[in-house]
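I have placed the structure first, in the form of structure tokens, so that the comments after it can refer back to it.
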Amino acid sequence: MELKILNEKEIITVFYDRLQKDFAADEVKPLNVILKSVEDGVYECFGLFHEDRMLGYTFIVKQGERYLVDYLAVFSEYRNNGLGSKTLGLIRDHLSDAELVILEAEDPEYETDEELHDIQTRRIGFYKRNGLTDTGVRTRCFGVPFVILEVCRKTDMSDEEIWEEYRDFYRAMLPPKMFENNIEFLGMVNDRKRSAQ
């Protein structure tokens, strides 16, 4: 399996056929924002391929050698076969020289629906089993509360600096007013509590 960069037509197909179904409506960025970010060189869209068959995708924001995994999904018909773990491994390999790679996961602490709370808790557990660590940073992006997880970090950065990096990813993608109205800092989880999670 390998990650291959998607062209505009493939991005549009994935957006309408998959991404809008895989993610809650309030987590889906407008297609024009995604395409403009690709054009501006701050966004990359990859398909997970086995030979010529696409099995999933990941969309990544980039700022120099720092990255935010914006979307990551395996197609529903291929789930529960270890492809999510393999995709994370491919992302690590692809970004092996990166200074920082972070990822958002919905924060179950804010979820009142028991079923969704369990899904979000299991998703964070999956990421942690695959070597991601909790940065302690908590955000709200377009109304959705997130835990910020670290895929890898090669530079010494404080949690506050990670929050600033997170803001920079969105500042690079969004018009100023949209950025100011939709990216919010919710707080930090201290190291002692984080290590127990």
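Every read-out reported here was derived from the displayed coordinates using simple, explicitly stated rules and does not represent laboratory data. On a predicted model such as this, the values are computed, not experimentally measured, just so you know. Positions of Cβ are generated from backbone atoms using ideal geometry, with glycine treated the same way; all protein chains shown enter the neighbour counts.
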Worksheet item: Based on DSSP H runs of at least 4 residues, each adding -39500 (n - 2.57), what is the mean residue ellipticity at 222 nm of the chain after dividing by all its residues, to the nearest 500 deg cm²/dmol?
Response: -11000 deg cm²/dmol
Worksheet entry | Dipole axis of region 2-196 (+1 Lys, Arg; -1 Asp, Glu on Cβ), positive-most option in I102, L31, P175 | I102
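List the relative contact order of the chain as a percent without decimals, with contacts defined as Cα pairs under 8 Å and 6+ residues apart.
So the answer I get is 18 percent.
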Worksheet item: Which distance in nm do the two modelled labels at R153 and E10 give, with both placed 7 Å along the Cα-to-Cβ direction?
Response: 3.3 nm
Worksheet item: Going by average Cβ neighbours within 10 Å, how do the peptides 180-187, 117-124, 140-147, 163-170 rank, with the highest at the top?
Response: 163-170, 140-147, 117-124, 180-187
